[in-house]
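The values are calculated or read from the model by the stated rules, or taken from the named source; none is laboratory data. Quantities reported herein were computed from a predicted structural model and do not represent experimental measurements. For neighbour counting, all protein chains shown are included, and Cβ atoms are generated from backbone atoms with ideal geometry for every residue, glycine included. Only protein heavy atoms, including side chains, enter the accessible area calculation; ligands, DNA and RNA are left aside. Shrake-Rupley method; radii C 1.70, N 1.55, O 1.52, S 1.80 Å.
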Amino acid sequence: PDFVRAHIREMEQRPFDGIIFRLRDFNHAFDTRLWKESDLAAQLEDLRRIEWDTFTENFLCLYAANNWGMDWFDDAHWQAIASNMRLTARAARTGRCVGICFDFEPYGANPWKFEPTDKSFAEVAAQVRRRGGQFMQAIQEEMPNVRLLTFFQLSLFPDVIEESDPERMQQHLAQDHYALLPAFANGMLEAAGPEVRIIDGNEPAYYYTNSDAYFRAYHLMKQAVLPLVAPENREKYRRQVQAGMALYIDHLMALRQPDERFLSYFLSPEQRAAWFEHNVYYALTTSDEYVWCYSERMNWWSNENIPPGAEQAIRSARAKVASGAGLGFDIADSMGAAQAKMEEAIASRLVYRTAVIKPLGPGEVPPLIDGRLDDPVWQSRQPLEPLLLSVSRTKEKAEVETLAWVTYDDQALYVAFRCPEPKPELISSVGQQRD
């Protein structure tokens, strides 16, 4: 808040309607420590004294990492969290923000992963749903008309909703990195008053290369995700959940590394600006209200590393949408040519190797498929040359050698791998069931 207060006049020269910004040190939704308003006094004063003009759509940001051991079943934890969320909403109201931005991605311990215990997934999900309602209730006590912007929500699960059987859908969901997120989202929606709006920010839009992807995403958010919405919440979802879109400047404007991995490096600066304008235009066209714009390797407010044409691309796309004009150009040819160049560059770095594979001979017993390499057939064969590193560094050997053995008979192809893991204690198991 102190930075915004000091720089708001220059910031508002940029082509946006608002910003997402955070309270210093008080910005994690699942912090179980009780925040005191006195500790926020200086920041509340800065919020009160920001002189907004053209930035009318501003959000205070919350993060989701569970760095304080929050337990969904601990009422004391949730009394503190509810109090903290009331204070966050009070700060947003003090700063005349339209709402709260909740980044569900856990930059730290993951609260959304289901860890098998003595409780079933259904039992844990039901509790998480209650906590989602408690979270929303606390915020709307201070801001009954809050806009809750999430960077992604149910649109994150297109593979889960393809499962037609509800029981298998829940089994699939239970093994997802964000297994408990739909339950929390249902709880928020259930508790939301009639003036609340919840925005699915559709972070996957970062990577779209054609207009069709935007229209498919809109359908996904507005209709296809309904199997993940409790039946009693579906009409409310239709009324109060908005489709948003996302823009990732670093990805579109060749700021990410390594350059050989990203399509924008195979475009000219003019073509990158056109891709960015195309995505701004269709993001605005297919969102209900909000489009959010993210970057890590540039800074609008310090004029640091701003790609040529980026600001003009935003202004041009906004003007066209506002006037009802078409985009006026197509990027299919340039994107196709860039994709071909990228594939050619990958092919030029590949190391092609061949091996003559010895089949099983008379009397040789096929190996057991058991993860062990003590079968006589593997002992009698030499491994292939050691595997190399990823496609971006194909001529380098891996620090830890990976070997493979191959044989075959009339029935099957048999492949064995030995992949040593130097730090097995760091392996994280996601999902305990097959598939």
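Using only the Cα atoms of the stretch 131-215, each taken as one equal point scatterer with no solvent, compute I(q) by the Debye sum, divide by I(0), and report log10 of the ratio at q = 0.12, 0.21, 0.27 Å⁻¹. Ignoring solvent entirely, the Cα scatterers give -0.45, -1.03, -1.23. For the chain, with every protein chain kept in place, what is the accessible area per residue (1.4 Å probe, Å²)? On a per-residue basis, the chain sits at 51 Å².
Placing 156, 173 in order of accessible area, with the largest value first and a 1.4 Å probe, yields 156, 173. Each Lys and Arg contributes +1 and each Asp and Glu -1, all at the Cβ; summed about the Cα centre of the stretch 65-122, the dipole is approximately 480 debye.
For the stretch 1-123, a/c is not less than 1.5, where a ≥ b ≥ c are the root eigenvalues of the C-alpha gyration tensor, and a/b tops b/c. That puts it in the prolate class. Classify the stretch 128-174 as rounded, prolate or oblate from the Cα gyration tensor: take a ≥ b ≥ c as the square roots of its eigenvalues, call it rounded if a/c is under 1.5, otherwise prolate when a/b beats b/c and oblate if not. The shape class here is prolate. Overall, the accessible surface of the chain at a probe of 1.4 angstrom is composed of carbon and sulfur to the extent of 50 percent. Magnitude of the charge dipole for the chain, about its Cα centre and with charges confined to Cβ atoms of Lys, Arg (+1) and Asp, Glu (-1), is about 760 debye.
Over the residues of the chain, the helix contribution to mean residue ellipticity at 222 nm works out to -11000 deg cm²/dmol, using -39500 (n - 2.57) for each DSSP H run of at least 4.
Does the stretch 210-353 come out rounded, prolate or oblate, given a ≥ b ≥ c as the square roots of the eigenvalues of its C-alpha gyration tensor, rounded meaning a/c under 1.5 and, failing that, prolate meaning a/b above b/c? Cα axes put the stretch 210-353 in the prolate bin. A simple charge model with +1 on the Cβ of Lys and Arg, -1 on the Cβ of Asp and Glu and nothing else charged puts the dipole of the stretch 160-262 at about 320 debye relative to its Cα centre. Label-to-label distance, residue 325 versus residue 74, with points set 7 angstrom from Cα along the beta-carbon direction: 5.7 nm. Look at the dipole of the chain built from charges on Cβ: of 158, 298, 126, the Cα furthest out on the positive end belongs to 298. Only alpha carbons enter this Debye calculation for the stretch 65-174, each as an equal point scatterer, and the log10 of I(q)/I(0) it gives at q = 0.10, 0.17, 0.23 Å⁻¹ is -0.36, -0.98, -1.40.
Under the √(5λ) rule applied to the eigenvalues of the Cα gyration tensor, what semi-axes describe the equivalent ellipsoid of the chain? Give them in Å, descending. Don't skip to the answer; put the middle values down first.
Details: eigenvalues 387, 192, 90 Å².
Square roots of five times the eigenvalues give 44, 31, 21 Å.
Packing around the peptides 363-370, 199-206, taken as the average count of other Cβ atoms within 10 Å per residue, puts them in this order, highest first: 199-206, 363-370. Taking all protein chains as they are arranged and a probe of 1.4 Å, the heavy atoms of residue 59 leave approximately 10 Å² accessible to solvent. Looking at the chain, identify the longest residue range that excludes and avoids all trypsin sites (Lys or Arg not before Pro) in DSSP loops having at most 10 other Cβ atoms within 10 Å. Within the chain, the longest run free of exposed trypsin sites (Lys or Arg not before Pro) spans 1-352.
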